[in-house]
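Written below as structure tokens is the structure these notes are about.
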Amino acid sequence: MSGLESIDLVNLGKALMLWLLVAIIIEEVCNVVFNWKVYINSGLVGKGLKTPFIFVVSLVVSASFGIDIFKALMAPIGVTIESGPVSYLLTAALLNGGSGTVYRVFNRVREGKTKLTGGG
């Protein structure tokens, strides 16, 4: 089974759900800004500022509220880390991908589990 039995799938699912919920909230908050007439008329549309803006918002939210998705994703596979600047930066990067990234990661985990267990 190649170490699959040591993965805590319940807590991995909880970490993915946390990631999804926070990503959706940040997406919606940022959409308010990006759909705001002031932003649209500012000349900033199409200047490549959305990604850095979402990254900064994600970093501020994760560090301010102690939301460490990277730490939560590592724990179920047996990696213990302390929350800190690096894990919050990685959390911001994960959140920057949005809910679509969570879905892709979930599918990759599911596909990997299927391959390792030899079934569906």
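Computed from the coordinates by the stated procedures, all read-outs in this text should not be read as laboratory data. All of these numbers come straight from a predicted model, not from anything done at the bench. For neighbour counting, all protein chains shown are included, and Cβ atoms are generated from backbone atoms with ideal geometry for every residue, glycine included.
By the beta-carbon count within 10 Å of each Cβ, the least crowded to most crowded order of 19, 36, fewest first, is 36, 19. Screening the chain for DSSP H helices whose Cα atoms reach 30 Å or more along their own axis and whose mean Kyte hydropathy is at least 1.6 gives 9-34.
Setting aside same-chain residues fewer than 8 positions from residue 113, which lysines have a Cα under 19 Å from its Cα? Hits, sequence-local ones excluded: 14. Fewest-first ordering of 89, 16 by other beta carbons within 10 Å of each residue's beta carbon gives 89, 16. Taking only the alpha carbons of the range 4-117, we obtain Rg and Dmax values of 16.1, 54 Å in that order.
Across the options 16, 33, 83, the greatest Cα extent toward the positive end of the charge dipole of the chain (unit charges at beta carbon of Lys, Arg, Asp, Glu) belongs to 33.
In straight Cα distance, which aspartates and glutamates are under 19 Å from residue 50, not counting same-chain residues fewer than 8 positions off? In chain and number order, the partners are 27, 28.
Between residue 89 and residue 21, the modelled label-to-label distance comes to 2.8 nm, taking each label 7 Å out from Cα in the direction of the beta carbon. Overall, the range 4-117 carries a charge dipole of about 360 debye about its Cα centre when +1 sits on the Cβ of Lys and Arg and -1 on the Cβ of Asp and Glu, all other atoms neutral.
Here the residues 101, 80, 91, 51, ranked from fewest to most Cβ neighbours within 10 Å of their Cβ, fall in the order 80, 51, 101, 91.
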